Structure formats: C-alpha cells, structure tokens
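Structure first, commentary second.
The values are calculated or read from the model by the stated rules, or taken from the named source; none is laboratory data. What you are looking at is a predicted structure, and each value in this text was computed from that prediction instead of being measured. Every residue, glycine as well, gets a Cβ built from its backbone with ideal geometry; the counts of neighbours run over all protein chains shown.
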C-alpha cells in the first residue's frame, strides 16, 4: 500500500472525528493545532530523509497525537491517542510493528517528553514547534483560554506568564534540526515573556501604592505606539534584507562580467601581438611601407592590454582595523581587505560588535555595496577605454595598411 494513501486516510479520519465531536473547550488542542504539528513533522522528517516506513510512522503519530482529547480523560490523552493509532493501523492492514511504533511516538509527547529514538524526537519537536516560532504568543493565548475553560476559573496574566516562562526554560528540543532552527526564536519568546512579567509586577505594585489610572493609561498608550513602530520595523526587515542580497548579487555578477570581458581583450590582443612579432615584423625589411601601420597596430594592442589589466588588477589594502575604528563605525568588516592581516580573535570581537548593533550592521552592508559600486565604476570605465582603443586602433591600422599598400607600394 502506498504510504501517501494511508496518510490521506489518516487525515480524513482525524478530520472527521474533530468535526463530528466539536468541543468548545478545545480552542488550542483542535484540528488547527493537529495540522500545524503534521506540517512541522513533515518539515523535520524531510531534513532527515526518513525511509517510507519511518515517514509513515511519524505522520500517523502527528495526526493522532491529540486524538485522546476527544476520547476519555484529557490528563491521559496520550494513551487514548496511542490506542486510536494502533486501531487505525490495524484497519489499514499495516504491520503491527508500524502501529506500535506510531503509538510509542504519541506516548513520547507526554510532558515531560522523553523520546527514545529519532522518530519519537521528531514527533515531540513537532508537537512543541510553536515554542520556537513567531506564532508562540498567539498560540499561548489560546492555550491559556483552554486552560481557563477546562478549570472553570480565570488565570491571572502574571501567573500564566510565570508558568509559561518556567515551561519554556525547562523545555529543550531533541533533534539537532529543531535546536538550530527554533532555539533563537524560543530565547526571544522567553525574553518577551520576562519583560511582560516585569511589567505586570510593576503594575501590581503601582496599584498597591495608588498610581493614578490616567498615568497608567498614558503609559500603556505610549507602549502600544512603540510596539506598533517596532512591528513596522520588523515587517520592513525582510524587504531590506532582500534588497541588500539582490543588490550585492547583482554587483558581484557585473564584476564577474567585467573580468570576463577584460580577459577576452587580453587574450585576443596577446594572440595578435604574437602574430605580429612572429610573422609581420620579419617581413618589414621587404615591405618598409608597412612599418607605420604595423607599429600603430602593435601600439593599439599593447594599450588595450594595459587598460584591460588595469580593469582587473586588485587593490591591496592594509588589512587591519582598530577598536577605535569599530567604536566610531569607520571600519567595514564585511570586506576581506579590511581584516586579512588580523588575528581571528580580533576579527571575531569586531563581528560580535556588529551583530549586536543592527544600525552598524546595516551601515557595513551599505558601505560594502557602495565600495563594490565604486570598484565596478572604475572597472567599466577602464574596460570602455580598452574596447574603444581596440576598436578605433583596429580601424586606423586597417586603413593605414590599405593606404600603404595602395599609395606606397614597394617597387621591385
């Protein structure tokens, strides 16, 4: 049986179960969450290039991992989900080992997660994929709402934030792929929660000492405005980064084209000079009328080569920068010519400063693109001189040869 058809059957079955058993309490552990886990499991599995059987096990576990919320006690929903996936695998005529492996993956998602193999690790990481994504805040609010509906009471914002911080700090991704991809954003999410908790605690303290509500409203409005500006800046970042990447790529491509054109000029004129020196110059004693055209042609080729070489000749820089240069934002660390004579530790310290300062990073990228543009301008200016010299020199030499042959023939 094709695994794609089995996975499609699992999707249809789980979707049908959620639609036929609607539960207003499940605002987080619902079909939307299941689909997100399936997508995450597929993404992680693709990285590890699983066999068809292993891929099937992971996808079945992803689809059934929260089925227990629809059947039986929610506190032990993993066991119900494991039983459900075993029953489904049996109905589909799959080997017993496949159903058992998928069930083990479902059981491994129980908090605290303790996966025993790669397949269980993938399912566990997919289940909590949102902890390291930008969707965390929205998903966490839904989880809080579900917890309040299940408990039948409100949970204070400070208490929930504190619990969320503790959970994120105690959690760890199991696959190397998830750690590399998601840990940076997870750390950012933890930092945001800590800032939020501090604000809640400060608000509680201000209320206890009687801070005027008008002042608090003004502070909240100011904070909301700053947050809106920050979100606008975040939305601009992908466009800015794309602009830098595209511009840099285009500059490098144009530089490569210029080098290729210069190499063509050097090669062609070198061949012409070789022919002139080996053939024509030996005949000049017999054809003195061709001396001037030959010298003109030779001068044209040499001048063209000189301009072409100048267009491709690299500039040598000092290759060092100081901490003072970094502090004053005078050094561009993205260009090798500014650091090739420095030790790795010095360069690493400089790059660390750049990475921590977004404005400095963008300043270096702008500086790098500007320098590339200046170099390109010089290259194409010299290249144009090389092509013009070759074109006009070639035409002049041909005319000179023609005039010498017609009007100044050698008399025998």
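Some points to look at:
- On inspection, residue 203 does not qualify as modelled with pLDDT under 90, farther than 25 Å from residue 148 by Cβ and part of a helix (DSSP H, G or I).
- Within the range 382-397, tally of residues that are surrounded by 12 or more Cβ atoms within 10 Å (Cβ to Cβ) and without any contact (Cβ under 8 Å) to a residue 12 or more places away in the chain: 3
- One residue alone among 267, 256, 260 is assigned to a helix (DSSP H, G or I), more than 34 Å from the chain's Cα centre (by Cα) and either exposed (fewer than 14 other Cβ atoms within 10 Å of the Cβ) or free of Cβ contacts under 8 Å to residues at least 40 places away in the same chain (or both), and that residue is 267.
- Residue 62 vs. criteria crowded, with 18+ Cβ neighbours inside 10 Å, out of contact with any strand residue (DSSP E or B) (no Cβ under 7 Å at 6 or more places or on another chain) and assigned by TED's automatic domain parsing to the domain that holds residue 167: yes
- Qualifying residue in the range 48-70 (condition: over 34 Å from the mean Cα position of the chain (by Cα) and part of a loop (DSSP other than H, G, I, E, B)): yes
- Residue identified as in a helix (DSSP H, G or I) and surrounded by 15 or more Cβ atoms within 10 Å (Cβ to Cβ) among 189, 183: 189
- Criterion (out of contact with any helix residue (DSSP H, G or I) (no Cβ under 9 Å at 6 or more places or on another chain) and over 25 Å from residue 3 (Cβ atoms)) met by exactly one of 153, 134: 153
- Lone unmet requirement of (1) closer than 30 Å to residue 365 by Cα; (2) modelled with pLDDT of 65 or more; (3) exposed (fewer than 15 other Cβ atoms within 10 Å of the Cβ) for residue 275: (1)
- You will find that of 59, 67, the residue that is closer than 22 Å to residue 140 by Cα and in contact with a helix residue (DSSP H, G or I) (Cβ under 6 Å, 6 or more places away or on another chain) is 67 and no other.
- The C-beta contact set for the range 9-33 (first residue farther than 12 Å from residue 67 by Cα, second residue buried (at least 16 other Cβ atoms within 10 Å of the Cβ), distance under 6 angstrom, 6+ apart or interchain) comprises 27/142; 27/146; 28/142; 28/143; 28/146.
- The set of residues from the range 284-299 being closer than 19 Å to residue 402 by Cβ and surrounded by fewer than 11 Cβ atoms within 10 Å (Cβ to Cβ) comprises just one member, 286.
- Some residue of the range 7-23 being closer than 25 Å to residue 143 by Cβ, surrounded by fewer than 20 Cβ atoms within 10 Å (Cβ to Cβ) and under 30 Å from the mean Cα position of the chain (by Cα): no
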